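The values are calculated or read from the model by the stated rules, or taken from the named source; none is laboratory data. All figures in this text were calculated on a predicted structure; none of them were measured in a lab. As a convention, Cβ positions derive from the backbone with ideal geometry for all residues, glycine included, and neighbour counts pool all protein chains shown.
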Amino acid sequence: MSPTDDGPKPLSLERPQRAREAFAEYGAAERKRRQDSGATFDQGLFDEAVELVMRKLQRLEDEGLA
């Protein structure tokens, strides 16, 4: 496969991300995508929803469940 193919990516040898870290990256990318889309976007509501999920993931991580 060439580097431009969308095929499988090699496994990372770095430690896996915590669920909260992965979701934070996703949230930032999704916020940017929505802002750039030109569609109506309630950023305040989006940010509240992301914060709610981040708090829940933090609790789950603290309990060893995420």
Log entry, pairs with first residue in the stretch 37-66 being farther than 17 Å from G27 by Cα and touching a residue at least 24 places away in the same chain (Cβ under 8 Å), second being in a helix (DSSP H, G or I) and not aliphatic (A, V, I, L, M), beta carbons closer than 7 Å, six or more apart or on different chains, reads E61/R20
Note to self: If I filter the stretch 37-44 for residues that are among the aromatic types (F, W, Y), over 12 Å from the mean Cα position of the chain (by Cα) and modelled with pLDDT under 95, do I get at least one hit?
What the structure shows: yes
Picked from the stretch 29-51 (must be of a type in the set (G, A, S) and in a helix (DSSP H, G or I)), the residue surrounded by the most Cβ atoms within 10 Å (Cβ to Cβ) is A49
When Y26 is run through (1) modelled with pLDDT under 90; (2) hydroxyl-bearing (S, T, Y); (3) part of a helix (DSSP H, G or I), the failure sits at (1)
